[in-house]
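This report refers to the structure that appears directly beneath it.
The values are calculated or read from the model by the stated rules, or taken from the named source; none is laboratory data. Values in this document were obtained by computation on a predicted structure and should not be read as measured data. So basically every Cβ, Gly included, is an ideal-geometry build from the backbone, and we count neighbours across all protein chains shown.
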Amino acid sequence: MWKSPLKMRLNRGSACFRVRSITMLLSPKDGERGISMMHAEENWRELEQRISAKVKLGKRPVAVAFLDAAPAGILKFEGTEPSGCSFWRLAAQGRVFYTVPENHFNCAVGAYTHNIALSPEREKETEQTLKMMFELGYVKPEEVPQIPRLSKAPAAIVYAPLSDAPVAPDAVLFACKPSAAMLLNEAANRAGVASGAPALGRPTCMALPASLQNGAILSLGCMGNRVYTGLGEDEMYFVLRGKDLSAVADALDIVTSANAALNEYASGRRQRLATI
């Protein structure tokens, strides 16, 4: 069920991940993970292949992990981007890297959803950005507190194509056409990991914290995201928690088979019964 975004919590309790040749124990005190963990037990490459075989995807799924410390052995992002969602575009193109909070300062809205504190100078830019959005009628002031946020600021964020994920992802983003989003959403429902929320709108980046707290989310995107990521007019997002990926992939086997049968059934009925 959809829960209030104001009650967001990220569960960072004890967990044990098996890594090909080692086991890494995660402490409930610091919640740090992914520092020396290069491949979790899940086979992310296999999961991407399984899902891509069942659902038509125009872009590679993007794995996102929020860490409490900078990871070793992963390239640190160098350069600038206009928004946090711009990093989705780079990961979908095949890049594997991590960002630090300062890399997100160019996007006031993205920094807000990721609970990243801006410098005093950048806070003034945030006020100016919000003022412009209010004046345009793009968003109402009373809507801002309702926007989902991460419960705490990450020290580092890892982005990668799903199959190349160097750490277990907290969330996985699928940029796809509505027909593919339909299948993924039906699979999430069958697997019992859907949020039950209506499709989200602007800002697109709030789909990440919303999914972490509530389950699989559909997002229609927003204008900024479409410009910064190149998301097509005929595309949208499906976002789910990394821990739910395997269950959704399993459910897709049944969902796609059922839809193929229903396609044939409905096509036959249309041919027989449609008169116009």
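Just to be sure, is Ala111 within 16 Å of the chain's Cα centre (by Cα), crowded, with 18+ Cβ neighbours inside 10 Å and at pLDDT 95 or above?
Working: within 16 Å of the chain's Cα centre (by Cα): yes; crowded, with 18+ Cβ neighbours inside 10 Å: yes; at pLDDT 95 or above: no.
Against the criterion (within 16 Å of the chain's Cα centre (by Cα), crowded, with 18+ Cβ neighbours inside 10 Å and at pLDDT 95 or above), Ala111 does not qualify.
The test for being under 15 Å from the mean Cα position of the chain (by Cα) and hydrophobic (A, V, I, L, M, F, W, C) holds for Val172. Scanning segment 114-123 for residues that are in a helix (DSSP H, G or I) and either surrounded by fewer than 12 Cβ atoms within 10 Å (Cβ to Cβ) or among the acidic types (Asp, Glu) (or both) returns Pro120, Glu121, Glu123. Of all residues in segment 125-140, those satisfying the criterion of being assigned to a helix (DSSP H, G or I) and under 17 Å from Gly110 (Cβ atoms) are Glu125, Thr126, Glu127, Gln128, Thr129, Leu130, Met132, Met133.
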